[in-house]
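The structure appears below as structure tokens.
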Amino acid sequence: MIANLLQNLLAGQYICPVAFQDDFDKLEKASVRSEVNAWLAKLDMRLARLSDTGAYFMARSVIAAQHCSAVKEDLLKYRDVYGPILLMLNHIRQAKTEGLEFSPGERIQIAELETGIIENASLAAQLRQLYGVIKGITRDATNRTYLKRMMEHLREDGFVVLSNAQTESYQFTGKIDHIHAVLEFISEHEAIVGLEVDDQAHDGDTGDLFATAELSHD
Amino acid sequence: MTSETGNQGSQIAQIFASLAKHSDLLSMALDGPVETGNREQNKAIDALVMVNALKPYEEGTYRLNPRLRDFISDHLISYNAFQALTRVKDRVHQAQAQWSQLQALRQAGATADADRLEWALDDTVTDIDYAIERNLTLLNSLVSTQYGNVTNLKAKLNQNLFYGREVDACMTEMNQVDSIVDLISAEALNAGILSVRQLINRRLGSKLLNWRVQLKDAQAIISKRLFWQRKMERRLNNLAKSVLWLNQHKTSSGIEIDVDTSAPIAIFKPVSIKVKPHLDVRDKDPVTWDEMVTSIAKLTKRIDRSLPAANAKAAQPVLAAEMAEIEIILTAEEFMLDQLTAELLDSDQTISLCEWKSDKPQLNLISDEEWLLYASGQLYAQGFFVRMAIDDEQDPCPINHRFYDFLVTCKTSSNRIS
């Protein structure tokens with residue numbers, strides 16, 4: 001009954017309701033979670049979650065120094081490991097006119113992105129700069145082809161699934177929370193500091209200590 | 001008094017009759033201002049203005065009375081964006097003032113005025129009840145529809161912030177209502193004005209708990225959304241800052257951060273363990289057997305090396321030609337060795353190589369030692385029995401054997417030189 005679920009966990013997948021609906025529903029039951037944890041414990045692994053409501057994944061029972069070194073190594077190669085995904089997500093953020101939260105389940109349509117590019121000429125130029133970042137793209141491809149290949153790149157890396165082929169609509173998967181977790185970790189260690197920080201309270205600010213960074217290039 | 005009441009009743013009936021008669025125009029006014037037009041419309045506008053259902057807005061333009069609009073909105077549960085909740089603190093102060101005055105009138109014996117004031121207090125308490133119920137209905141409708149009165153996400157988020165503050169103000173007013181209920185209830189009991197006590201407890205006191213629960217639920221949802229909103233803003237902020245860093249530090253490949261075991265598990269990529277099942281060749285199950293046969297069929301065919309090659313080359317003929325005989329020229333030692341070999345084969349006697357050499361002038365050119373070493377080795381190789389003639393057999397420590405001759409016989413029973 002949970003064979004497929006265990007295989008997906010062993011394969012290193014993030015089990016979320018978008019990409020693995022059935023497996024996620026099973027893991028929502030405490031009995032199944034207990035059974036999976038007991039099975040994984042024999043491999044010195046455990047069931048972990050990206051957040052309280054986030055995707056499930058298989059993690060090591062005990063994090064050792066070499067595992068920390070692997071993460072540190074990834075951060076040292078930040079541009080190669082995370083750079084391509086961040087650049088593509090940032091382009092989507094700028095092209096989509098309606099506010100996007102980059103949360104699991106959110107939908108994006110290629111047509112929406114294309115509209116954003118048509119309305120903003122600088123976005124088209126920024127899209128072309130993703131040549132070399134997006135897999136399988138030629139320099140003289142059209143904007144639409146760039147966008148399609150970009151979404152396919154994200155799909156192949158597991159960040160989106162194709163929810164409707166006819167409308168070319170994609171949905172973010174739970175794996176996106178891993179990127180947010182890494183960026184939050186970097187932010188907490190103040191490794192990346194914004195250009196300008198707006199310290200003034202805005203209308204509607206109830207006194208929370210969060211500072212909203214205003215970025216000149218936006 | 002009865003005639004006044006009767007007149008008032010007929011006036012009110014006329015007002016509602018006028019509203020009913022011009023209901024179409026009132027429906028239009030609900031969506032926006034109405035303008036003067038044809039004679040019939042102008043007549044209707046005049047009638048509604050007379051009963052204060054429509055109010056002048058601009059030259060030739062009239063709007064629906066806000067109180068009427070509120071009444072209809074409450075009925076339809078349809079509210080404008082950022083519509084503030086009704087403040088009740090003024091009504092609470094009014095109720096307190098009315099109560100104080102009521103007490104004074106009762107003590108002074110002014111029964112008629114006290115009765116009227118009690119009726120006014122009833123009205124005020126009912127107003128407070130209605131205002132709080134309306135606030136809760138408004139909050140519930142907006143929160144449950146996720147601020148469906150606007151479509152823009154930014155507007156929704158801003159409304160969430162707005163109503164977060166409104167709910168905080170409502171909670172403060174709820175405390176004021178609670179205080180006034182306790183105060184009036186206690187004082188009414190002491191003063192013996194039980195009707196007021198019953199009024200205040202039934203209309204406000206008994207509902208306070210439920211109101212607080214509903215308000216707290218709305219507050220929780222709004223707070224949760226506010227937290228989510230902050231979280232989303234932070235996420236987008238992090239994304240934008242990261243990309244900015246990438247663009248501005250093109251020569252930097254990464255970031256150096258110490259990662260220890262206390263780092264959140266979410267930043268560690270999931271482990272992947274490859275699992276590859278193999279066929280159990282001992283399994284006799286038909287399904288497994290078929291699968292095995294299928295797998296074997298996919299293997300490349302064995303090359304049968306037993307068959308001859310298709311295009312084997314024909315054997316190359318060898319051309320033989322007459323060759324000139326090579327005359328073998330033997331040296332003196334080789335010639336004499338052949339003679340010695342013939343003599344050994346003809347007789348069974350043991351021949352001393354030195355003695356045999358001594359009367360052979362053909363071997364005078366080589367020394368005895370050379371003859372012994374050469375002949376002994378050659379004869380031994382041919383299978384003759386070769387024996388050293390050792391001089392010092394009595395040597396107590398025979399490490400090196402000193403010999404002076406070899407004795408050769410035709411017997412080949414031993415292959416050792418002894």
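Values in this text are rule-based calculations from the coordinates and carry no lab data. These figures come from a predicted structure and were not determined experimentally. Here the Cβ is made from the backbone with ideal geometry for all residues, glycine too, and neighbour counts use every protein chain on show.
All of B:ARG234, B:ARG212, B:ARG230 fail the test of being closer than 30 Å to A:HIS67 by Cβ, basic (Lys, Arg) and either facing chain A (nearest Cβ under 8 Å) or in a helix (DSSP H, G or I) (or both), apart from B:ARG234. Got at least one residue in the range A:25-47 being facing chain B (nearest Cβ under 8 Å) and in contact (Cβ under 8 Å) with a residue 40 or more places away in the chain? So far as the range A:25-47 goes, no, none of its residues is facing chain B (nearest Cβ under 8 Å) and in contact (Cβ under 8 Å) with a residue 40 or more places away in the chain. Would a scan of the range B:277-297 turn up a residue that is of a type in the set (Gly, Ala, Ser), within 7 Å of chain A (Cβ to nearest Cβ) and without any contact (Cβ under 8 Å) to a residue 24 or more places away in the chain? No, that holds for no residue.
Residues in the range B:150-163 include none that are more than 50 Å from the chain's Cα centre (by Cα) and of a type in the set (Phe, Trp, Tyr). Of all residues in the range B:128-168, those being assigned to a helix (DSSP H, G or I), of a type in the set (Gly, Ala, Ser) and closer than 26 Å to B:MET232 by Cα number 4.
Of all residues in the range A:77-109, which are more than 10 Å from chain B (Cβ to nearest Cβ) and assigned to a loop (DSSP other than H, G, I, E, B)? Within the range A:77-109, A:LYS96, A:THR97, A:PRO104, A:GLY105, A:GLU106 qualify.
For the range A:50-73, enumerate the residues that are touching a helix residue (DSSP H, G or I) at 6+ places or on another chain (Cβ under 8 Å) and either more than 8 Å from chain B (Cβ to nearest Cβ) or in a loop (DSSP other than H, G, I, E, B) (or both). Matches in the range A:50-73: A:LEU50, A:SER51, A:GLY54, A:ALA55, A:TYR56, A:SER61, A:ILE63. Evaluated against (1) surrounded by 17 or more Cβ atoms within 10 Å (Cβ to Cβ); (2) within 8 Å of chain B (Cβ to nearest Cβ), A:LEU113 falls short on exactly one condition, (2). Assigned to a helix (DSSP H, G or I), in contact with a Leu (Cβ under 6 Å, 6 or more places away or on another chain) and surrounded by 12 or more Cβ atoms within 10 Å (Cβ to Cβ) - does that describe any residue in the range B:48-67? So far as the range B:48-67 goes, yes, one or more of its residues are assigned to a helix (DSSP H, G or I), in contact with a Leu (Cβ under 6 Å, 6 or more places away or on another chain) and surrounded by 12 or more Cβ atoms within 10 Å (Cβ to Cβ). Among residues that are within 14 Å of another protein chain (Cβ to nearest Cβ) and among the acidic types (Asp, Glu), B:GLU166 is included.
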